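A short worksheet on the structure shown next.
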Amino acid sequence: MRSLHFGSAMVDIITLVASDEIERLTLSNEGAAFLLLETGRKVPARSITTHIGGGGCNTAVSLARRGWTAEVCAKIGDDLNAAAVRAHLADNNVADGLIASDAATGTAVMVASHDRNASIFVHRGANETLIPDEIPNMRGHDLVYIAPLSSGSADCFPEIVAQAASAGAKVAVNPGIRQLTSRLPPFLQALERLELISINRVEAEALIPAIVGEVAPAIDRAASDDAPALVRRGLRAGGLRYSIVEFLQGFRSLGPNWVCLTDGTDGAYLAGPDGVLWHPSLPADVAGTAGAGDAFCSTLTAGLLEGLPPEQAARQASLNSASVVGYVDTTTGLLTDQDLAQRDADAPAAEVLWLA
C-alpha cells in the first residue's frame with residue numbers, strides 16, 4: 001500500500017538529565033508538572049544526542065517499516081539539518097517529497113528527566129511555510145496521513161483533504177491543539193471526508209464547545225471503580241462533564257469513519273462502525289515519550305485500512321508505541337512488520353473492553 005504524509009520534518013536535540021540534577025514541580029489539581037532550570041547554572045546531562053523527527057517523518061518511517069511505500073511532503077531549509085533529514089528518510093526507505101525553503105529546517109530541543117516526559121523547546125522554521133501550490137498530486141496513494149501542521153501550513157489543511165478525497169485516497173488526521181483552537185471552522189467542515197481522526201484528551205475537551213449539540217453533558221454514572229480512568233472521570237468543558245462514549249459517538253456522527261482518543265498511559269478509545277472499544281497501554285521501559293503518539297496513530301490507521309479487526313489494530317498500535325518509548329528518539333523503536341507480527345503473536349492478550 002502507498003501513503004503520503006504531510007507534517008513536520010525536525011531535527012531533535014535530546015538531552016537526558018538525571019533526576020537529582022534538576023527539580024520538578026508537580027501541581028496535583030492541575031495535573032501538570034514542570035522542570036525547573038536554574039538561571040546561570042550549567043546543568044550536567046547524562047547525554048545530548050541528535051535525531052530526526054517531526055510528525056510527517058515519524059509516521060512515514062512507521063509505515064515504511066510496516067512494508068508500505070511511504071512518502072513525506074514537508075518543508076525544510078537549505079542547510080546542514082536539511083541534509084540530515086534527507087539522509088534519514090533515505091536510510092528508512094521513505095520517498096523524499098521534501099520542499100526546500102528560505103526558512104531554516106525545524107529544530108526541537110528536548111529536556112527529559114524524572115518520568116522522561118520531555119519538555120520541548122521548538123523552532124518550527126520551514127514547517128510553517130507550506131502553501132497550496134506546493135501540495136503534490138495524490139493520485140495512486142491509498143492513504144494521505146496529515147500529522148499536526150504549523151501556522152501557515154495549517155491553512156493548507158482544507159485543500160489537502162479536498163485533493164486527497166478527489167484522488168480517491170483515505171484521509172487520516174492527527175491534528176495538534178494549536179491547529180484545532182486557531183482554525184476550527186475549516187477543520188470541522190473537513191470531518192465528513194475523513195476516514196480516521198486521532199486526538200488526545202486535551203484536544204477532545206477543546207472540541208466539545210464546537211460540537212456540544214452532538215454530545216449531552218452527562219457522565220457515565222454507572223461506571224465501576226475498575227472502569228478505564230476516562231470513563232470514570234469523563235471529559236470536562238464549561239464546568240460540565242461529558243461521557244467519553246457519548247463524545248466519541250457524537251463526534252463520529254459528524255463524518256469520520258473512525259475516531260480515536262488517546263489518554264497516555266491510561267490507554268486509548270476507538271469508535272467505529274461496531275461501537276466503542278478501549279485498549280489499555282502496554283508495559284514499557286520508558287526512555288523517552290516523544291514519538292509515541294505518532295507510532296500509535298500511524299500503526300492504528302494502517303491496521304484498520306489493511307482490514308484488521310479493531311481490537312488487533314489497536315493492539316498493534318499499542319505494541320509499536322510501547323517499543324518507541326524504549327528509546328530516547330522518535331523512530332529507533334518503530335517495529336518492522338515481521339517484528340510487530342511476532343510481538344502480536346507472543347504477547348499475552350490485553351484486556352480490551354467494548355464500552356458500547
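For this structure, a couple of remarks:
- Within segment 1-32, the set of residues being over 17 Å from ALA287 (Cα atoms) and open to solvent by 60 Å² or more (accessible area, probe 1.4 Å) comprises MET1, ARG2, GLU23, ARG24, LEU25, THR26, LEU27, SER28, ASN29, GLU30, GLY31.
- When residues of segment 228-240 are limited to those that are assigned to a loop (DSSP other than H, G, I, E, B) and in contact (Cβ under 8 Å) with a residue 24 or more places away in the chain, the one surrounded by the most Cβ atoms within 10 Å (Cβ to Cβ): PRO228
- Among the residues of segment 143-169, those identified as in a loop (DSSP other than H, G, I, E, B) and under 19 Å from GLY55 (Cα atoms) are ALA147, PRO148, LEU149, SER150, ASP155, CYS156.
- Residue list for segment 122-133, filter: in contact with a Lys or Arg (Cβ under 9 Å, 6 or more places away or on another chain) and either open to solvent by 50 Å² or more (accessible area, probe 1.4 Å) or in a loop (DSSP other than H, G, I, E, B) (or both): GLU128, THR129, LEU130
- Within segment 259-279, tally of residues that are of a type in the set (Ser, Thr, Tyr) and crowded, with 21+ Cβ neighbours inside 10 Å: 2
- Residue match in segment 212-227 (condition: open to solvent by 60 Å² or more (accessible area, probe 1.4 Å), touching a Pro at 6+ places or on another chain (Cβ under 9 Å) and aliphatic (A, V, I, L, M)): no
- On the stretch given as segment 76-112, residues that are of a type in the set (Asp, Glu) and part of a loop (DSSP other than H, G, I, E, B) total 3.
- At least 3 residues being more than 20 Å from SER198 (Cα to Cα), under 23 Å from the mean Cα position of the chain (by Cα) and at pLDDT below 95 is the threshold, and among the strands (runs of 3 or more DSSP E) wholly inside segment 1-71 those reaching it are 10-16, 32-36.
- Any hit, segment 241-258, residues being open to solvent by 60 Å² or more (accessible area, probe 1.4 Å), in a strand (DSSP E or B), at pLDDT below 90 and not β-branched (Val, Ile, Thr): yes
- Filter pass, ARG139 being in contact (Cβ under 8 Å) with a residue 24 or more places away in the chain, over 22 Å from LEU191 (Cα atoms), open to solvent by 10 Å² or more (accessible area, probe 1.4 Å) and of a type in the set (D, E, K, R): no
- Qualifying residues in segment 77-121 (those that are of a type in the set (D, E, K, R), at pLDDT 90 or above and within 21 Å of LEU334 (Cα to Cα)) - the one surrounded by the fewest Cβ atoms within 10 Å (Cβ to Cβ): ASP91
- The set of residues in segment 340-352 that are open to solvent by 80 Å² or more (accessible area, probe 1.4 Å) and in contact with a Ser or Thr (Cβ under 9 Å, 6 or more places away or on another chain) contains only ARG343.
- Residue within segment 259-266 that is in a loop (DSSP other than H, G, I, E, B) and more than 20 Å from the chain's Cα centre (by Cα) present: no
The values are calculated or read from the model by the stated rules, or taken from the named source; none is laboratory data. Just so it is clear, the model here is predicted, and its values are computed rather than measured. Neighbour counts run over all protein chains shown; Cβ positions are idealised from the backbone, glycine included. Note: accessible area is taken over every heavy atom of the protein model, side chains too, but ligands, DNA and RNA are not part of it. Shrake-Rupley method; radii C 1.70, N 1.55, O 1.52, S 1.80 Å.
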